[in-house]
Amino acid sequence: MPSWIKDFFKKENIVRNLRNVLLVLIGTFVVAVGNSFFLIPFSIVSGGVSGITILTAEFIPPDIMAYILNWVLFVVGLILLGLRFTISSLISTIFYPIFLSIFSRTPLVENFLNLLLGSEVNYELSNGVITNLVELANSGTVINGGFLLIIGLLGGMLVGVGCSITFHGGGSTGGLDILTFIISKFTGLKESIPFFILDGGVVLIGIILDLEDGNSIEIIGGLVGIISAFICSLMIEIVYNGQTGAYCVDIVTDKVDEVCKFSIEELDRSATILNVKGAYSKGEKQMVRIVFSRRDYTKVRNGIAKIDNKAFCTFYQTLFTGGEGFDKIEVHSTKKYLKFFKKSLEKEEKETESNNEVNNEQQ
């Protein structure tokens with residue numbers, strides 16, 4: 001049995017790990033609520049597995065499609081990324097389709113729609129999807145462009161918050177995220193690029209299909225999908241990521257070698273060792289600095305706690321991190337403006353010197 005599995009069930013780690021599992025489970029539940037009650041019923045394609053389930057809802061029920069996609073991608077990730085990486089998405093892989101089935105195959109979604117739309121709206125619900133959405137919009141019910149926009153915003157917010165809770169638990173929502181990391185691993189691209197391509201591709205397909213149908217409410221729904229995807233990303237940025245692209249941690253510890261080994265083997269990142277001196281004790285120590293991506297925050301914090309729970313750690317967000325494994329360092333576009341200001345300052349200095357010389361001569 002791998003050591004990291006044994007560590008999971010150690011007495012000193014079990015409470016924290018159970019808390020993380022609970023967070024992932026809650027996050028997965030919130031994601032399923034956002035999709036089942038808002039996005040899927042109104043066919044708002046905002047990307048991801050949920051977007052694909054909406055596109056194929058006419059042929060395969062969304063929850064069944066979610067089972068198929070999640071488990072296929074999980075197995076592919078298991079083969080190409082390994083057990084340790086893929087296991088973080090296991091809870092979502094298991095429970096997300098289950099939650100969808102519970103919501104769509106029980107009266108829960110129907111009861112919610114009755115409250116939302118009113119009893120006078122005769123909608124037809126099949127596997128959690130309103131099948132006569134166009135007819136309802138054309139008949140002058142509450143369903144219109146503004147209504148769909150509100151639904152898309154609420155659904156995107158819930159999905160974003162759910163994803164953030166899952167990330168805080170050290171987990172992953174699985175699905176297309178696994179495919180994103182596979183593409184990134186074998187192409188060297190930053191994860192954000194394949195993520196944007198895959199999610200954007202799903203949304204684009206939805207818009208194209210809506211354009212082919214030629215119905216205005218469906219086209220509006222497709223455009224709302226873009227806004228919903230943006231709101232989802234924004235909520236993740238606010239709730240989980242903050243406003244930074246990376247994190248940094250400074251660790252003052254007596255177990256420098258173990259921390260460096262953890263960084264290299266577990267995070268696949270190097271570390272910097274600095275000699276430091278205590279201002280009060282005057283004692284000489286070593287500090288390890290690790291820069292890592294936002295999704296590894298929980299892993300890093302737990303890893304340090306396991307190695308040395310008496311280490312002095314400072315976590316902080318970076319304004320910019322450039323170099324290997326992060327953003328490419330490029331000349332900023334403001335360089336020309338800096339040159340302009342530099343020339344202006346030089347010109348001003350020359351004029352000042354010239355004026356001083358004139359004043360001295362006059363005196």
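The values are calculated or read from the model by the stated rules, or taken from the named source; none is laboratory data. What you see is a predicted model, and the numbers here were worked out from it, not measured in a lab. So basically every Cβ, Gly included, is an ideal-geometry build from the backbone, and we count neighbours across all protein chains shown. Remember, those area values only see protein heavy atoms, side chains included, never the ligands or the DNA or RNA. Shrake-Rupley method; radii C 1.70, N 1.55, O 1.52, S 1.80 Å.
What to note about this one:
- Sites residue 185 and residue 17 - FRET efficiency at Förster radius 35 Å, r taken between beta-carbons, to 0.05: 0.85
- Extended-chain gain in nm, criterion 0.36 nm per residue less alpha-carbon gap, residue 281 and residue 132: 46.2 nm
- Burial ranking of peptide ranges 260-273, 36-49 (average Cβ count within 10 Å, highest at the top): 36-49, 260-273
- Viscosity 1.306 mPa s, temperature 10 °C, Stokes-Einstein D of segment 134-188 from Kirkwood C-alpha radius, µm²/s: 112
- One compactness figure for segment 115-207 is 1.45, namely its Cα radius of gyration divided by 2.2 N^0.38 Å.
- Value of relative contact order over segment 1-134, rounded to a whole percent, pairs C-alpha under 8 Å and six or more apart: 28
- Whole-Hz Karplus values for segment 265-277 come out as 7, 8, 9, 6, 9, 7, 8, 10, 9, 10, 8, 10, 9 Hz, taken residue by residue from phi with 6.51 cos²θ - 1.76 cosθ + 1.60 and θ = phi - 60°; glycine and proline positions read x.
- Heavy-atom accessible area for residue 220, with the other protein chains in place and a 1.4 Å probe, reaches approximately 60 Å².
- Rounded to whole Hz, the Karplus (6.51, -1.76, 1.60) HN-Hα couplings of segment 285-302, x for glycine and proline: 9, 10, 10, 9, 10, 10, 9, 9, 6, 4, 6, 9, 4, 5, 4, 5, 4, 5
- Each peptide among 64-70, 275-281 gets the average number of other Cβ atoms lying within 10 Å of its residues, and from highest to lowest they stand as 64-70, 275-281.
- Convex hull of segment 1-142 built on C-alpha atoms - directionally averaged projected area, nm²: 10.2
- Remark: segment 313-318, residue by residue, has Karplus-estimated 3J(HN,Hα) of 10, 10, 9, 8, 8, 9 Hz, where x stands for each Gly or Pro and the curve is 6.51 cos²θ - 1.76 cosθ + 1.60 at θ = phi - 60°.
- Each residue, residue 64 and residue 264, gets one label point 7 Å from its Cα in the Cβ direction; the gap between the two is 5.2 nm.
- Comparing 138, 77, 121 along the charge dipole axis of segment 1-144, the residue lying farthest to the positive side is 77, per the Cβ-charge model.
- Projected label distance in nm at residue 121 and residue 80, using a 7 Å step from Cα toward the beta-carbon: 4.0
- Just the protein heavy atoms count here, and of the accessible area of segment 42-88 at 1.4 Å, carbon and sulfur take up 76 percent.
- For residue 286, nonlocal amide neighbours, meaning residues 5 or more places apart or on other chains whose placed amide H falls under 5 Å from its own, are 253, 276.
- Per residue accessible area in Å² of segment 1-150, where ligands, DNA and RNA are left out and the probe is 1.4 Å: 49
- Global form of segment 225-304, assessed from the alpha-carbon gyration tensor, a/c cut-off 1.5: prolate
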